[in-house]
Amino acid sequence: MSAEAGQDGFKYPARKVERMGSSDISGFYKLPPKQRLALVKKFAGLTDEECEAIAKTGALAMDAADRMIENVVGTHELPFGIATNFMINGKDYLIPMVLEEPSVVAAASNAAKLARPSGGFKTASDEPVMIGQIQVVGTKDAAAAAKAIANGKKQIIELANQQDPTLVKFGGGARGLEARVIDTQKGKMVIVHLLVDVRDAMGANAVNTMAEAVSPLLEELSGGRVRLRIISNFAVKRLARAKAVWKKQDIGEDAVNGVVEAYAFADADLYRCATHNKGIMNGIDAVVIATGNDFRAVEAGAHAYAARDGRYQSLTKYHEDQDGNLVGEIELPVAVGLVGGATRTHPTAKAAVRILGVKTAKELSEIIAAVGLAQNFAALRALSTVGIQEGHMKLHAKNIAIMGGATADIVDQVAAQLVKEKKIRVERAKEIVDALRKNK
């Protein structure tokens, strides 16, 4: 059998795949997962081994997965790691992180350790208020329509709160209303913001239900027609903040200057800022995923917040204090919950929440902000001093060793040799593996 080179330089066995039939499969959703996978196998030419990998389940049982999303054929696993050393508002935390990228967990742990001499991270957050947007079109006078809606605020809020008496019972519910006029390519529109305190939920279901329920009333008040009724992931009323101090004597004066200069680079340059903020989200997404929350919503909110002033900016800020120590801060929307969704149905998500020991969504959002700051500090410190690749590739060496054919009993040995030679490549890993096996 011939071989073909992949992007990583490793030669993979070539395999001719015959696509069988059409992707237009009637009643696919009605089939059990096993039968769906059999159809996928036939269509894509999968091997038995590939199907076995897809169908293999861990903590998330197949029947549970089949209830979570549509057309399930299997589950997909990611590593579940623990970041250590975090002290937040005087309390110690172990941080569950789910992701595939090496060095992230280690970097966050090290950053948290270096922050401990100054008391760790200090955090705060807003009340969990989410925004439900309602689009009103076709009004004769948009400004007058917005005013009429604003005048009906009390009635609108009362109607919204009738939709979720349980939320109201626990101290949440619709709290306010805003109406504004925007100019669009389709003319003027009235955009209504229904402000809802969602307590310990992420809030999408509650907010969307309320937005839909009040829409007929908005049409009556405005004389227009309601189109979209949906939560906004730009959760500017649900911000989380974290701050930490890294002492000059612990990280070195060069690192203090390097991080501040790296921040200045990101603040001034869009190309750098995109990667800068991506590094923040490495840590944030890992905790959001671990706890079963919606990382796409958090990502969208974070990047929108970074561009809130019309220019994409860093989510973190750094400066040197009067004693020469490094001070870092972060602020961003963090819309996460502890009730509903995968947080309550996914076994490992529930375990992750137990590990954190959090009691409220506010506390969880603050932890997530602290992890984002820690991750960013670690990245900037490495980038501005020794470079990112030294630590990253040392940790990546194990992945390369496995790709080169190393089994569990020799992975560490192969990885160590790759690091020693500074040749962290699949082809070199294969050579080391072959040599070790010949010498046995």
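What follows is calculated from the coordinates using simple rules that are stated; it is not laboratory data. Bear in mind the structure is a predicted one, so any value in this text is a computation, not a measurement. FYI the Cβ positions are ideal-geometry reconstructions off the backbone, even for glycines, and counts take in every protein chain you see.
Quick notes on this one:
- The GNM of the chain, with springs linking C-alpha atoms under 10 angstrom apart, assigns the highest mean-square fluctuation among K243, K56, K362 to K56.
- When the listed pairs K91/K113; K91/K169; K243/K362; K398/K420; K113/K350 are checked against a 21 Å cut-off, the alpha-carbon distance exceeds it for K91/K169; K113/K350.
- Three-way shape label, the chain, alpha-carbon gyration tensor, a/c 1.5: oblate
- Neighbour net charge for L364 - beta-carbon separation under 15 angstrom, K R +1, D E -1: +2
- By the rule of a C-alpha distance below 18 Å, with chain neighbours fewer than 8 residues away ignored, the lysines paired with K440 are K430.
- Take 156-167, 178-189, 127-138 and order them by the average number of nearby Cβ atoms within 10 Å per residue, most first; the result is 127-138, 156-167, 178-189.
- Segment 295-332 versus segment 182-203: alpha-carbon centroid distance in Å: 24
- Each Lys and Arg adds +1 at its Cβ and each Asp and Glu adds -1 at its Cβ; summed about the Cα centre, the chain shows a dipole of about 520 debye.
- Radius 14 Å from Cβ of N89, net charge of other residues (Lys, Arg +1; Asp, Glu -1): +4
- Summed residue charge, Cβ within 13 Å of A204's Cβ, Lys/Arg positive, Asp/Glu negative: 0
- Order of F234, F43 - criterion: other Cβ atoms within 10 Å of each residue's Cβ, fewest first: F43, F234
- Under 15 Å of direct C-alpha separation, and excluding same-chain neighbours fewer than eight residues apart, K30 reaches these aspartates and glutamates: D63, D66, E70.
- Using the average count of surrounding beta-carbon atoms within 10 Å as a protection proxy, the listed peptides 221-229, 408-416 rank, highest first, as 221-229, 408-416.
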